[in-house]
Amino acid sequence: MSIGVILLIIIGVVIYFEAAQRVLDRLYLTDSMALFVIALMIVGSFIEITVSRTPLITLNLGGAVIPVLLALYVLIRAGSAREWIRTIIATVLTGGAIYAISIVFRDFGHGRDIIDPMYLFAISGGVIAYILGRSRRGSFIAGTLGFLSYNLINAWQVLSGRVISQVRIGGAGAFDSIVISGFFALLLAELVGESRERLQGGPARGDNLPGRKEGDKNEE
């Protein structure tokens, strides 16, 4: 069982015991919706769609298709053009930053290092996504789709003939990294946001408080 699937199961247990409602509210998800998405991602992680046979490029349902649909849902519900633009820019920059890190550490790995390079890129992507995304929604989307963007860059290099390899978009190690990057960025945003709210003596501006109108919301 992969690290990504194990992490999703742990998150599912936390959600089942209603310990993540605060975060889910900001992603416009109910407990049942979140559990359904997690189940789809876990089941979908075993389903790959062949995009190209020569070279071999596949698209993973749980690691690529479902995360994109979830990110689009969250982004559309955000309702703020400013947040849309900022999140899209953060996603592109996160993907570019992960690609740059992969070039710097191109000789990293090969069984001699204490951490798999894919996890290094995932954690780095999560931090970068939080810094660029700023809000909880933006951080989650940038972390998830940012790493997926890096995966697509690899696919483009293979299709263009620059690299001879196989690419599993959202699959294999990329699935683990996408899950880690997205939820790590969200965790950072939540921890920092919670700390800021406590220092301010109340909820941060833009939180989804009872009675707050949709038009009154700011970026989180």
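Values in this text are rule-based calculations from the coordinates and carry no lab data. Treat the numbers as computed from the prediction; the structure is a model and nothing was measured. Every residue, glycine as well, gets a Cβ built from its backbone with ideal geometry; the counts of neighbours run over all protein chains shown.
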Mean residue ellipticity (222 nm) of the chain, computed from DSSP H runs ≥ 4 via -39,500 (n - 2.57), nearest 500 | -21500 deg cm²/dmol
Cα long-axis angle, helix 3-16 against the chain (0 to 90 degrees, to the nearest 10) = 20 degrees
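Under a point-charge model restricted to the Cβ atoms of Lys and Arg (+1) and Asp and Glu (-1), what is the dipole moment magnitude of the chain relative to its Cα centre, in debye to the nearest 20? Intermediate values should be presented prior to the final figure.
Values: 19 positive and 17 negative charges, 97 e Å.
Rounded to the nearest 20 debye, it is 460 debye.
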Would you kindly derive the ³J(HN,Hα) couplings of segment 89-97 from the backbone phi angles with the Karplus curve 6.51 cos²θ - 1.76 cosθ + 1.60 (θ = phi - 60°), listing them in order in whole Hz, with x for Gly and Pro?
-> 5, 4, 5, 5, 5, 5, x, x, 5
Share antiparallel - DSSP beta bridges, the chain, percent rounded to 5 = 60 percent
Looking at (i) 21.0, 75; (ii) 17.6, 59; (iii) 16.3, 53, which value of Rg and Dmax of the Cα atoms in Å comes from a calculation on the structure shown?
-> (ii)
Helix axis angle, 117-133 relative to the chain longest principal axis, alpha carbon, degrees = 40 degrees
Search the structure for amide H atoms under 5 Å from the amide H of Ile49, placed 1.01 Å from N in the peptide plane, and list their residues when 5 or more places away or on another chain.
-> Leu59, Asn60, Leu61
Which of the peptides 185-194, 66-75 is most tightly packed, and how do the rest follow, judged by the mean count of other Cβ atoms within 10 Å per residue?
-> 185-194, 66-75
